[in-house]
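J.: Sharing a structure below in structure tokens format, with a few things to ask.
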Amino acid sequence: MKTLLATLALPLALLAAPLAHADTLDALKSALSGTTSLQGRFTQTVSQHKGKPQQSAGDFAIQRPGKFRWAYATPYEQLIVGDGNEVWLYDPDLRQATVKSMGNALESSPAALLAGDNALEKNYLIKPLASKNGVDWFEARPRQEDAGFSNIRLGLKNGQVVEMELVDRFEQLTRIRFDGVKRNARLDASLFRFTPPKDVDVVRE
């Protein structure tokens, strides 16, 4: 089952002054705190040490705090829904749904940047990176050692989320690009609810 996440980013020269660093961090915080919802499309590429990169695409929706929907459409369907209390992972081909308590998942995963609160510095070590092709980048390293990702890079353009790069503990790189994003639109509450079909096996963790 693919990992969510489902979650953003500013310019700075590598030898920037501390004041500039503060300004860019404030800009990132402002972009996040000013976002109540996001909806759009994504493309995802997972690169491993061996084999061809795996590509997938689909739609996503975020309602802060704590609610999200990450729906893979290609190459096969999968759905991840967080309703604020539980996270559902549904695989139609396997006829199986896995549900677990959200608990501290948002605080220890990249989803915190998209669907969580704004306590960035509490959960991540944030460092601005150099801009590339008009995209301003940040590095976010989780403070928790047991986080699913060792390194997260976030890309922002004109105050809008456009790219995300995640490196897991096995050095596997996941690149996510967002397209057609609508910010702070009113989203239907049904997007963040999931009821498993009757003939689906439900596994609780």
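Bear in mind these aren't lab numbers, they're just calculated from the coordinates by the rules spelled out. Values in this document were obtained by computation on a predicted structure and should not be read as measured data. Glycine also receives a Cβ, built like all others from the backbone with ideal geometry; neighbour counts cover every protein chain displayed.
J.: List the lysines whose Cα lies under 25 Å from the Cα of LYS122, skipping any in the same chain that are fewer than 8 positions away.
T.: Cα-Cα hits under 25 Å: LYS29, LYS67, LYS100, LYS157.
J.: Once Rh for segment 32-91 is found with the Kirkwood sum over Cα pairs, what is the Stokes-Einstein diffusion coefficient at 4 °C and 1.567 mPa s, in µm²/s?
T.: The diffusion coefficient I find is 101 µm²/s.
J.: Taking 0.36 nm per intervening residue step and subtracting the Cα-Cα distance, what contour gain separates HIS49 from VAL203 on full extension?
T.: The HIS49-VAL203 span can extend by a further 52.3 nm.
J.: To one decimal place, what Kirkwood hydrodynamic radius in Å is obtained for segment 128-205 from all pairs of distinct Cα atoms?
T.: It works out to 15.7 Å.
J.: For the pair THR74/GLN144, report the inter-label distance in nm, with labels modelled 7 Å from Cα in the Cβ direction.
T.: Result: 3.5 nm between the two label points.
J.: Can you tell me how much longer the chain between ASP188 and ARG169 gets when fully stretched, taken as 0.36 nm per residue apart minus their C-alpha distance, in nm with one decimal?
T.: Result for the pair: 3.3 nm of gain on full extension.
J.: Along Cα→Cβ, 7 Å out, is where each label goes; now give me the distance between the ones at SER30 and ALA57 in nm to one decimal.
T.: 3.4 nm
J.: Now for a separate question. Among all the aspartates and glutamates, which ones have a C-alpha under 15 Å from LYS198's C-alpha, if same-chain residues fewer than 8 places away are not counted?
T.: ASP91, ASP93
J.: Find how much the distance from ASN85 to ASP179 grows on full extension, using 0.36 nm per residue of separation minus their present alpha carbon separation; answer in nm with one decimal.
T.: 31.1 nm
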